[in-house]
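Participant: I am attaching a structure below and will ask some questions about it afterwards.
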């Protein structure tokens, strides 16, 4: 079926965030997701609730309200006693945003996040969380600029989106008409590490299957990433420096490769090994190209962890050998990872060969749950020398002479990471990560 607003099932509504919407607030924004519009403000007050006094810890709390004309029929204003739905939602907002703050660094002060719905067309609670995070960061940025706190207390990025099953189809970011007819309704609150802060899911029209749940979660992860991009864009130059790095799982058990990638990406993202992310399985790399193998690895780790995964498949391609060792570089001599045996066999096969032109090749893949895998390629052309030279590096580094005159094994890590095939691929991948995460 076609959606009410003609979106694809996995497509979120357009999100627009206008910062500093209220000049009188310590932090504020107007967030629009489709036709839903919410004013989010952050107010800072010295002092904390009684249970936190003299602990040195701060507090983050929230209030939520729908203005009378926010729906098609006038809504009665909340009085002293709020309706149960508003209380539930404001507790959700408070719980979610407290995950973003180290209260010990905030000091004994309270930040109150007020979310007032101007117009409701579904997803008001998730829009409130996403917008309130922006207001929170703006308020913290003001505290730091005024010298009231010394250390950045922002430890997480938080955003939220809705999803569900409508007419037996998983759909992302439900508008009111879809939400009111949903068989399954779910709200996802997540952090920049791809972890769930809160999941609220109900089979309203019928129970939902594990396959449907996985589809909803994949859509939700992709939707949250798009909202986090909108948050970062809105905060540029006024608090984006406070935000934590985005997390990516690297599909490798090679400590050298993980360290190289960490140096190359230089703090742009938080890289963790697949073991740290809980993946200990074997991956069958049966592709016949570097590109195919890198995608296989990234997709396997991403499926298991539910997180963005980065993988590369790299090796040495020698022109005189028709591109060998190629995808078999790590197991050229039979046993995987036996660098000495691989180098010995390569030297033997190249004995007496005059054309020593070779190239290191790196195909790098980024797998994102619910999205198409992106793959880039980097190459570094050099010359295969006749004997090992240098004590650093790994693999075929002692035999590969770069045009600079040094082998990769003679270079420092910094020198190698500036010119290597992995560096060339990483420059391309940095652009992709900046665009999609």
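Rule-based calculations on the coordinates, nothing more; no lab input. Since the structure is predicted, the reported quantities are computational estimates derived from the model, not experimental observations. Virtual Cβ from ideal backbone geometry, glycine too; neighbours counted across all protein chains shown.
Participant: Pull up the DSSP beta bridges for the chain and report the antiparallel fraction as a percent, rounded to 5.
Facilitator: 80 percent
Participant: Using the count of nearby Cβ atoms within 10 Å as a rough guide to exposure, how do 178, 413 rank from fewest to most?
Facilitator: Exposure proxy ranking, most exposed first: 413, 178.
Participant: What is the Cα radius of gyration of the range 327-437 over 2.2 N^0.38 Å, N being its residue count?
Facilitator: Computed over Cα atoms of the range 327-437, the ratio equals 1.20.
Participant: For the Cα atoms of the chain, what angle does the longest principal axis make with the long axis of helix 339-349, in degrees from 0 to 90, nearest 10?
Facilitator: 40 degrees
Participant: Given the convex hull of the Cα atoms of the range 75-188, what is a quarter of its surface area in nm²?
Facilitator: Taking a quarter of the hull surface, the average projection is 8.6 nm².
Participant: Another question, if that's okay. Can you give the Kirkwood hydrodynamic radius for the range 261-319, in Å, rounded to one decimal and based on Cα pairs?
Facilitator: Its Kirkwood hydrodynamic radius stands at 12.7 Å.
Participant: Further, regarding this structure: Tell me whether the range 227-336 comes out rounded, prolate or oblate; compute the Cα gyration tensor, take square roots of the eigenvalues as a ≥ b ≥ c, and use a/c under 1.5 as the rounded threshold.
Facilitator: Prolate.
Participant: May I ask for the Rg/Rh ratio of the range 15-242, computed from Cα atoms with Rh as the Kirkwood radius, given to two decimals?
Facilitator: Rg/Rh for the range 15-242 comes to 0.98.
Participant: Considering just Cα atoms, how many Å³ per residue does the convex hull of the range 158-282 enclose?
Facilitator: Dividing the Cα hull volume of the range 158-282 by its residue count gives 123 Å³.
Participant: Sort the range 281-359 into rounded, prolate or oblate with this rule: let a ≥ b ≥ c be the square roots of the eigenvalues of the Cα gyration tensor; rounded if a/c is under 1.5, and if a/c is not under 1.5, prolate when a/b is larger than b/c, oblate otherwise. Don't skip to the end; give the middle numbers.
Facilitator: Numbers: a/c = 3.59, a/b = 2.23, b/c = 1.61.
Because a/c hits 1.5 or more and a/b exceeds b/c, the range 281-359 counts as prolate.
Participant: Ok, one more. Determine, from the Cβ-Cβ distance of residue 4 and residue 51 and an R0 of 41 Å, the FRET efficiency 1/(1 + (r/R0)^6), rounded to the nearest 0.05.
Facilitator: 0.35
Participant: For the chain, what is Rg from Cα atoms divided by 2.2 N^0.38 Å, rounded to two decimals?
Facilitator: Output field value: 1.18.
Participant: Here's something else I'd like to know. Counting DSSP beta bridges with both partners in the range 1-159, what percentage is antiparallel, nearest 5?
Facilitator: Details: 23 of 31 bridges.
In the range 1-159, DSSP labels about 75 percent of beta bridges as antiparallel.
Participant: Report the Cα centroid-to-centroid distance between the range 2-21 and the range 241-281 in angstrom, as an integer.
Facilitator: Centre-to-centre distance over Cα atoms comes out at 31 Å.
Participant: So, one more: Using only helices, what value at 222 nm comes out for the chain when you add -39,500 (n - 2.57) per DSSP H run of length 4 or more and divide by the total residues, to the nearest 500 deg cm²/dmol?
Facilitator: Rounded to the nearest 500, it is -9500 deg cm²/dmol.
Participant: Neighbour counts of other C-beta atoms within 10 Å: give me 336, 256, 402 arranged from fewest to most.
Facilitator: Ascending Cβ contact count within 10 Å gives the list 336, 256, 402.
Participant: Would you mind ranking 332, 176 by Cβ crowding within 10 Å, fewest neighbours first? Show your work: numbers first, answer last.
Facilitator: Working: 332 24, 176 18.
Ordered by Cβ neighbours within 10 Å, fewest first: 176, 332.
Participant: Can I ask one more? Considering all projection directions equally, how large on average is the shadow of the alpha-carbon convex hull of the range 246-436, in square nanometres?
Facilitator: 10.1 nm²
Participant: Right, something else. Would you look at the GNM of the chain, springs on alpha carbons closer than 10 Å, and say which of 39, 177, 129 moves the most?
Facilitator: 177
Participant: Another question, if that's okay. Report the equivalent ellipsoid semi-axes for the range 176-250 in whole Å, largest first, defined as the square roots of five times the eigenvalues of the gyration tensor built from alpha carbon atoms.
Facilitator: One finds semi-axes of 29, 15, 9 Å for the range 176-250.
Participant: Over the chain, with a Gaussian network built from C-alpha contacts below 10 Å, which listed residue (140, 353, 158) shows the highest mean-square fluctuation?
Facilitator: 353
Participant: Using a Gaussian network for the chain with springs between C-alpha atoms less than 10 Å apart, which of these wobbles most: 372, 23, 354?
Facilitator: Among 372, 23, 354, the largest GNM mean-square fluctuation belongs to 354.
Participant: Under 4 °C and 1.567 mPa s, how fast does the range 1-114 diffuse according to Stokes-Einstein, given a Kirkwood radius computed over C-alpha pairs? Answer in µm²/s, whole number.
Facilitator: 79 µm²/s
Participant: A further question on this structure: Just the number, please: percent antiparallel of the DSSP beta bridges in the range 237-372, rounded to the nearest 5.
Facilitator: If we restrict to bridges inside the range 237-372, about 60 percent are antiparallel.
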